[in-house]
Amino acid sequence: MRIWSIRMTRLRVVLATIAVVAAFVALIWAIIAFTPMRQLLPGALKGDLRAKYLETALRLDSLEQAARINNAYLDNIVAIMSDDIPEDSVRAIAVEQIYSADSLLAATEAERLFVSRYEEEERFNLSVLAPIAAEGLIFTSPVASGCEVAPTGDVAKSIALSVAKNLPVSAIYRGTVVDVYCRNDGLFNVIVQHPNDFVSVYNGIGEAFANKGKKVDGGQALGQTPATGIIYFELWHNGSPLDSRDYIAF
């Protein structure tokens, strides 16, 4: 039996270890330096090749974006062909509630005579009670302060409020929206029931934000003024029209 052994000093062990590590590092360097793997090193790419890679990446991103747009376009076409697009509920309601005539805006001569006679007979029951009922209620202007106020002279005692277009039209006091409908000219009318039997009417709103049955607070936006900037406002109490200038500081 033959026994083979190697005796090494501590110095030889250290030198052998350094040699093995150096050989391993040299092998890795040779693989990276003389194979395509060298392109993975930062700064190893040539200027023109790097520019081509960047251009390719940008084109790929553009293609992905174009593909998403085309897919969305095709999805819309499929939805239209299959009738899967839901209707705009707000516009649908507005179209359904178009009325041919508004009795408050276009009163007949008989209605005017009736209202005039009714006011004459019941003026002590309505005109006197309205200020009493208004005590404790602080009405605010439906549009921005400083607006131009002009009476229209109709039976409803409505007034024309002139401001800039696309400004908020707000509720004068808390209450409940009892009606919202679109007129034949595309504008909206909003009617709000307030405490103590007060009713406010906002005629000619360009865009309505409130829905029928909605609870609103004083100053809450009901819509916005039309392109002309003019809306017509009415204030009623117990079925009797009031001069809103006596109750609201415009």
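From Asp179, Asp217, Asp154, grab the single residue that is within 29 Å of Ala110 (Cβ to Cβ), open to solvent by 50 Å² or more (accessible area, probe 1.4 Å) and of a type in the set (Asp, Glu). Break it down stepwise before answering.
Values: Asp179 fails: open to solvent by 50 Å² or more (accessible area, probe 1.4 Å); Asp217 fails: within 29 Å of Ala110 (Cβ to Cβ).
Being within 29 Å of Ala110 (Cβ to Cβ), open to solvent by 50 Å² or more (accessible area, probe 1.4 Å) and of a type in the set (Asp, Glu) holds for just one of Asp179, Asp217, Asp154, which is Asp154.
Just a yes or no: is a residue in the stretch 227-234 touching a residue at least 12 places away in the same chain (Cβ under 8 Å), under 30 Å from Phe114 (Cα atoms) and under 21 Å from the mean Cα position of the chain (by Cα)?
Initial filter on the stretch 227-234 (touching a residue at least 12 places away in the same chain (Cβ under 8 Å)): 227-234.
Now restrict to residues that are under 30 Å from Phe114 (Cα atoms): 230-234.
Among the residues that remain, those that are also under 21 Å from the mean Cα position of the chain (by Cα) are: none.
No, the stretch 227-234 contains no residue that is touching a residue at least 12 places away in the same chain (Cβ under 8 Å), under 30 Å from Phe114 (Cα atoms) and under 21 Å from the mean Cα position of the chain (by Cα).
Taking Ala44 as the residue in question, decide whether it is in contact with a helix residue (DSSP H, G or I) (Cβ under 8 Å, 6 or more places away or on another chain), surrounded by 10 or more Cβ atoms within 10 Å (Cβ to Cβ), within 30 Å of Gly186 (Cβ to Cβ) and modelled with pLDDT under 75. It would help to see each step written out before you state the result.
Details: in contact with a helix residue (DSSP H, G or I) (Cβ under 8 Å, 6 or more places away or on another chain): yes; surrounded by 10 or more Cβ atoms within 10 Å (Cβ to Cβ): yes; within 30 Å of Gly186 (Cβ to Cβ): no; modelled with pLDDT under 75: yes.
Judged against the criteria, Ala44 is not a match.
Of all residues being over 17 Å from Pro226 (Cα atoms) and among the hydrophobic types (A, V, I, L, M, F, W, C) in the stretch 133-149, which is surrounded by the fewest Cβ atoms within 10 Å (Cβ to Cβ)? Just the residue, please.
It comes out as Ile138.
Under the condition of being open to solvent by 50 Å² or more (accessible area, probe 1.4 Å) and in a strand (DSSP E or B), which residue from the stretch 225-250 is farthest from Val177 (Cα to Cα)?
Ile230
On the given criteria, is Asn196 under 29 Å from Leu113 (Cα atoms), among the polar types (S, T, N, Q), at pLDDT below 90 and surrounded by 15 or more Cβ atoms within 10 Å (Cβ to Cβ)?
Details: under 29 Å from Leu113 (Cα atoms): yes; among the polar types (S, T, N, Q): yes; at pLDDT below 90: yes; surrounded by 15 or more Cβ atoms within 10 Å (Cβ to Cβ): yes.
Judged against the criteria, Asn196 is a match.
The values are calculated or read from the model by the stated rules, or taken from the named source; none is laboratory data. Remember, it's a predicted structure, so these values are computed and weren't measured experimentally. Counting neighbours? That spans all protein chains shown, and the Cβs are built from the backbone with ideal geometry, glycine included. Remember, those area values only see protein heavy atoms, side chains included, never the ligands or the DNA or RNA. Shrake-Rupley method; radii C 1.70, N 1.55, O 1.52, S 1.80 Å.
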